[in-house]
Amino acid sequence: MSAAIVAVGGGGFLMEDTRGLQENYLLSLLRPRSGPPRVLYLGTANGDGERAQLRFMRLFTELGCRPDTLAFFPYDMKRDYARAVRDADLVYVGGGNTVAMVAVWREFGFDAALRAAWDNGTVLAGISAGANCWFAQYVTDSVPGGGVCSGLGWIDATFCPHLDGEAWRQPSRARAPRRPAYGAPDGVLLRFEQGRCLEAVTDRPGLAAVEVNPAGELAAVPTRLL
C-alpha cells in the first residue's frame, strides 16, 4: 500500500521557520523502525542550491534524523539514485521550477524510482514545486505569466501552493479543469493517501486549505492547528 503524500503550501524550514512544527508532523507519519528516521532532500527544482540543502541538514539533524541530500546538479554517476529513495523513510522535495524538475526526473527515469519507493512505504512531501509535482495538474509560476501545468498524476486533482501569497493564483486554480482542486496558503499542509485528501493541518492560527469540488463549488477544508 502506498504511503502518504503531503503537499506543503509554504513555510517550514525552507522559508526560515525553524520551529519544526511542519517537519515533526511529517515525521509522525513514518512507519515505525529502529534507529533514527532516514530523511532525503531533493533540491532539483532550484538547481540543488546549497543554502536550501544546509537548512535541511541543520533542522532534520536537530530533530534526531539521519538526513541526506540527492543532487542532480551535478549528477553523481557513482550513486544509486533508486536505492537512495527506496531506503528513505521520508523524501522531502524543495521548491523552484516544477516544470524543469519533472522533466529532469523523467529524463533520468527517476520518477519511476520515486513511485516504487512510495508504493513501498516511503512518505513523500514537499513545498511549492515539491507539492505540485505529485498532482495531475498544478498552478505554477514556472511558465511565462503563470498557469496550469501537468504533473506526475499520482493524485488525480489540481493543487495550488502559496494560495495567499500572489493574487493571480486563486483565479488560476478556479479555472483548472481537473477537479477537485485544492489550494493551500503558506503554513498549511494537505495529507493524501490512496489519492484522497485525509487531513489538512496548519502551523499558524486562522489558516485553512480550500477545495473546489467537482461541481465547481468552493469550500474551506477543516484544518487542524499543529
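Read-outs throughout are calculated quantities, based only on the coordinates presented, and are distinct from any laboratory measurement. These figures come from a predicted structure and were not determined experimentally. Cβ atoms come from the backbone with ideal geometry, glycine included; neighbour counts cover every protein chain shown.
Values for this structure:
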| quantity | calculated |
| --- | --- |
| Per residue Cα convex hull volume in Å³ - calculated over region 5-225 | 115 Å³ |
| Lys/Arg +1, Asp/Glu -1 at C-beta; region 5-225 dipole; positive extreme among Cys149, Gly121, Cys133 | Gly121 |
| Proportion of all alpha-carbon pairs of region 16-59 beyond 11 Å (%) | 73 percent |
| Between region 1-49 and region 72-136, the Cα center-to-center distance that results, in Å | 13 Å |
| Estimated FRET transfer efficiency (Ala215, Asp164; beta-carbon r; R0 25 Å; 0.05) | 0.55 |
| Nonlocal amide H pairs with Arg66, under 5 Å, H built at 1.01 Å | Arg38, Val39 |
| Residue of Gly153, Gly109, Gly187 that the Gaussian network model of the chain assigns the largest fluctuation, springs spanning Cα pairs under 10 Å | Gly109 |
| Packing rank of 5-13, 125-133, 19-27, where each peptide gets the mean count of other beta carbons within 10 Å, highest leading | 125-133, 5-13, 19-27 |
| Rounded tilt (10° steps) of 98-107 against the dominant C-alpha axis of the chain | 50 degrees |
| Under-5 Å amide H pairs with Asn97, H placed in peptide plane, nonlocal only | Asn46 |
| Inter-label distance, nm, simple model (7 Å from Cα along the C-beta direction), Arg204/Asn24 | 1.9 nm |
